[in-house]
Each structure stands twice: as C-alpha cells, then as structure tokens.
Amino acid sequence: MNEFVFLYRGGQAGRSPEQAQQMMQKWMAWFKELAENGHVKDRGQPLERAGKLVNGKRKIVTDGPFAEAKDLVGGYTLILAKDLDEAAELSKGCPILEVDGQVEVRPVMKLNM
Amino acid sequence: MELSEHLFRHEAGRMVATLTRIFGVHNLALAEDVVQEAFCRALEVWKFRGVPENPSAWLMTTAKNRALDVLRRERTARTFAPELTRQLESEWTLAPTVEVEFAAAAIKDDALRMMFSCCNPLLSEEAQVALILHILCGFSVDEIASAFVGSHAAVEKRIVRSKKVLAGSKKLFDISGAEDFARRLPAVQRALYLLFNEGYHGASPEKAVRVELCQEAKRLTSLLLKNALGATPSTYALAALISLNAARLPARLDTSGNLTSLADQDRSQFDQALAQEGLRLLERSATGPELTDYHVEAAIAWVHTSAERTEDTDWAMIISLYDKLMALRPSPIVALNRAIAIAQREGPQRGLEEIQAIQDSERLAKYPFYHAALGELEIGSGHLEDAREHFVVALKLARNPMERSFFEQRITLCK
C-alpha cells in the first residue's frame, strides 16, 4: 500500500441547519467506509482559515493567505491506496464534491534507498 | 457517535433564542450569523475528529465563545439587550453574565420567550407560524416554502417582513408577568395548532415534511406545558389533540404515501403509545370550568382513535361534539365534518341535506375535500354519475400528487 494525501479545498456549508447536518452525516459515512476498507492512515485535521505567511530571506510575516474561499485548504487526510488511480477513485466519494469543493490527491514521495 | 435526527435544526432554534436574549431582539440577524458560524465550525471540526460526546453542549459552547468575541468587539459600535447593557459593558461582568444566560434553565426560557415574541399581534397568524418555523425550528426559507406550497419568493418576503417586525419590537416578550402571559397565550396556542394542522391536513406532497411539522408542534407544545403559566387546561387540551391525531397519522397515508379514506385506514398502524399519551393529556385538560375548541377537537380525535373498527365509531358522540365545536368556533369546515358524521350515522341522504344547509358553503368551493365528500355521499346513495362529477371537480382542485391520485381512483370507481 502507498500513502497519499487528500487536500480538501473550498466547498460551501449548507444553507440550512438540516442541510449542514446531512452534509455532516455524509462525511461520517464516507470516512467510515474508507476506514472499514483499510484506506485511512490518519483521518487528518481541519485547518483554520486565517494564518500567517512568512516570505523571503527577510522573513517578512504577513496575514494570510487571502486566497478565494474555493482555493483555501480546509483540511487533509492521509490515505492508503494501491496507486494514484485507486486513490483518485476513492476521493470520488468525498461529499465536498457535492458542494463545489475539490479534492487534491497527492502521492507522498517515497524514498527508494 | 451518531447525530440524533434534526439535532442541528433544534439546536439552531435554541441558540438563536439565547443569543437574541443577550444581543437584544434588534440584533436578530447578528444572532443568526453567529449560529451559522457555529454550524460551519462544527462541520469542519467534527468531520476530522468525529462527533463529540455531547454535540449540543459543543455547539452551545461554540456559540457562547463567538458571542463573547462579538460582544467585546462591537460593544462600542452596537447596543445590545437593554436590560443587560450595564453587565455587558464591563469586562468583569461580561463573561459571568453570558455564562448565566447560557445555563440550561435560561436556555429553556429563551425558547419560550421567543415563541411568545413570534406571536406578535402585528403579524398575521400565517406569518407567526412561518416565523416560529424559521427561528425556533431552524427551517430554511426553502424548507418552509415546500411545507406550505408557497413560492420561495412569497415565503421569503413574508419571513423577511416578519423578522423586521420582530426586530423592531424593541424587547423580547416578557414571560414572567402572569397577566401579559395569559393575554398572549391564546395566540401562541393558535399558532401551534395551525402548525400541527399544516402538517396533518396540509397540502405539501412530501410525507416526511408533514410528519416533521406535526413533531415540531408537539415539541413546542410540550415546552409550553413545562412552564407553570403555560400549563393551563387549554394547553393540555391542545397537547392532547396533537397526540391523539398524530397517533392516527401513520394510517392516513398508505405504504406508497397515498391518502387513504377513513374507512380504509389500517387501524393496527395507529401509534398506541401516542394515543395513550394523548388520553392522559386529555384527562389532565379536564380540570377547571374552561371548555375550549381544543378540548372538543381532542375529544373527537379520542373517539376516532379508540374505535377498534370504523364501523364501531361512536358517531352519535362525534355529532354532539361537532355541535359543541360549531358553537365554540363555527366554520364551514367544521360544519362539513359534522355533516359527514351525520351521514355515517343517519345515511348519505341526510349527510347531503346537511351539506346543502351549510352557511357560507361558497367558502368551501376551492377545498377539494368538500367536493370529495359530496362525491362519497353520492356513491353511498347509488348516484355514480353525480359522484363522478364531484370527483372531477375535486381532481381539478387537488393540491398535490397524493390528492390527485386519490381522486383519480375514486373517479375510476364511479365508472
């Protein structure tokens, strides 16, 4: 099994409490299925929207990133899959896709020594 | 940890009520924003870490912390609840005051206070019901529009307008004064009654929506019963009528969601626990001299629920109860139901006579079940051709696919 990172970007919260709850339940069901099939290495963490950017040799610290909401990474998960194709296939079940969100699937680099 | 059904909706109502108490009713929109943020945060965190042990407490704490931020940030720019102004100004008293307002007992009162505030006499009854659904039950405009068969635009306009009236009322309704409480109570009961009726008889094609409306009416009525001033005989009667009718709800629609006529209802599907609860509430309502229309309607529901088969129904009792109801709250619909009961006891011909004698019957002209009742009685009298005509009219007036297919079946039967 190889390791992959799912980066979740964008996605809108439900407009009503009922929609928000349904979204929540979909995420739980999706993670449960992934875990049952042995694909979850680490469920990961949510990330706060606001942070700092540190830039250049002069180490200038600014508030940010102020990317558009749809480009902001909201959290990540570590996934186990056979190959990149399988990992991408697994990401198709992510509920964020139903609400204009995006999953970025990136293989964790392997060191062949 | 699984989320209980409609947890977010119910918590939304509780949080808005409590936040409005602290922010002041004029800051209703701000309270709604804070609630929205609390849900966004819950969604983001719970996705990864799982649902916490006590999700309600988690949401409340998140709302409380956001409220503290808002109060600190905006206390120079905004005025908050007038009766709390002084405590919120000083950093020494700010957090303890907010803490007290978020205590369990206070939150319960907040919901009741909001319920009474929504039943503002400046608003129509329909607007009051919509406002209760939106603020206290956490339904979005779209969800309310689907329950009331209104267009999204019309429902949104009504809610926006009602919120303005509420936000303009300076203060939330004070539920501690016995006199004011008693004066506003009938309007609150009426709104809950209408909310239940919308679920029970309403036109929404969706079965789930209707059951939810009935459940909300039941939940809010039991909240009213928990308050010493709210637990009057008439509130008990209202709670009884809700439980007794709700007990029959599973049988009103068949397995494919189609309407069933009274005679065809499968009584084994009645919810016996609800029926028993209704009976207990009905007994508790019988203290004191007050006899309200809720008492009478609850009694009618009990007679229906307690009959083992349709033909065992005590129609004489039902007719006399409808006579009482006509005296208390006359309406063409009550008169129609009375006529149907008379037909059950004295034959379809007598029923038709009674229907013809209804005053203001033109107000029933657009009600599909008025024509359907005429159709049923004509079938009973053997006049299939006349019956068919009535059902054709009913079909034209049908408000949803369930009603449509029900009338279509009746038309086929008349051939």
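The values are calculated or read from the model by the stated rules, or taken from the named source; none is laboratory data. Remember, it's a predicted structure, so these values are computed and weren't measured experimentally. Don't worry about glycine lacking a Cβ; one is built from the backbone with ideal geometry, like all the others, and counts go over all protein chains shown. These area figures cover heavy atoms from the full protein model, side chains too; ligands, DNA and RNA do not enter into them. Shrake-Rupley method; radii C 1.70, N 1.55, O 1.52, S 1.80 Å.
Among the candidates A:62, A:77, single out the residue that is within 28 Å of residue B:7 (Cα to Cα) and among the polar types (S, T, N, Q).
Details: A:62 fails: within 28 Å of residue B:7 (Cα to Cα).
Of the residues listed, the single one that is within 28 Å of residue B:7 (Cα to Cα) and among the polar types (S, T, N, Q) is A:77.
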Legend entry - Among the candidates B:299, B:373, B:316, residue that is within 22 Å of residue B:247 (Cβ to Cβ), open to solvent by less than 70 Å² (accessible area, probe 1.4 Å) and at pLDDT 90 or above: B:299
Inset, instruction - Kindly indicate whether residue B:322 is assigned to a helix (DSSP H, G or I), buried (at least 21 other Cβ atoms within 10 Å of the Cβ), of a type in the set (Ser, Thr, Tyr) and free of Cβ contacts under 8 Å to residues at least 40 places away in the same chain. - result: yes
Inset, instruction - Kindly list the number of the only condition in (1) under 22 Å from residue B:50 (Cβ atoms); (2) without any contact (Cβ under 8 Å) to a residue 60 or more places away in the chain; (3) not charged (D, E, K, R) that fails for residue A:88. - result: (1)
Inset, instruction - Collect the residues in the range B:123-133 that are free of Cβ contacts under 8 Å to residues at least 40 places away in the same chain and either within 10 Å of chain A (Cβ to nearest Cβ) or aliphatic (A, V, I, L, M) (or both), keeping them in residue-number order. - result: B:127, B:130, B:131
Legend entry - Wholly within the range A:1-94, strands (runs of 3 or more DSSP E) carrying at least 1 residues that are within 12 Å of chain B (Cβ to nearest Cβ): A:2-10, A:40-46, A:73-81
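Among the residues of the range B:210-225, count how many are closer than 22 Å to residue B:402 by Cβ and open to solvent by 20 Å² or more (accessible area, probe 1.4 Å).
Initial filter on the range B:210-225 (closer than 22 Å to residue B:402 by Cβ): B:210-217.
With open to solvent by 20 Å² or more (accessible area, probe 1.4 Å) added as a condition, the list becomes B:211-212, B:215.
Counting residues in the range B:210-225 that are closer than 22 Å to residue B:402 by Cβ and open to solvent by 20 Å² or more (accessible area, probe 1.4 Å) gives 3.
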Legend entry - Conditions (1) surrounded by 19 or more Cβ atoms within 10 Å (Cβ to Cβ); (2) within 14 Å of chain A (Cβ to nearest Cβ); number of the one not met by residue B:20: (2)
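Would you check which residues across the range B:376-405 are touching a residue at least 60 places away in the same chain (Cβ under 8 Å), open to solvent by 20 Å² or more (accessible area, probe 1.4 Å) and part of a helix (DSSP H, G or I) and list them? Talk me through it step by step, then tell me what you get.
If we filter the range B:376-405 for residues that are touching a residue at least 60 places away in the same chain (Cβ under 8 Å), which is where we start, we get B:376, B:399-403, B:405.
Cutting the leftovers down to open to solvent by 20 Å² or more (accessible area, probe 1.4 Å) gives us B:376, B:399, B:401, B:405.
Correct list: B:376, B:401, B:405.
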Legend entry - Only one of B:140, B:124, B:117 that is buried (at least 18 other Cβ atoms within 10 Å of the Cβ), over 30 Å from residue A:31 (Cα atoms) and under 26 Å from the mean Cα position of the chain (by Cα): B:117
Legend entry - Single condition residue A:9 does not satisfy, out of (1) open to solvent by 80 Å² or more (accessible area, probe 1.4 Å); (2) touching a residue at least 60 places away in the same chain (Cβ under 8 Å); (3) farther than 30 Å from residue B:144 by Cβ: (1)
Inset, instruction - Determine whether residue B:42 is free of Cβ contacts under 8 Å to residues at least 60 places away in the same chain, surrounded by 20 or more Cβ atoms within 10 Å (Cβ to Cβ) and in contact with a Ser or Thr (Cβ under 8 Å, 6 or more places away or on another chain). - result: yes
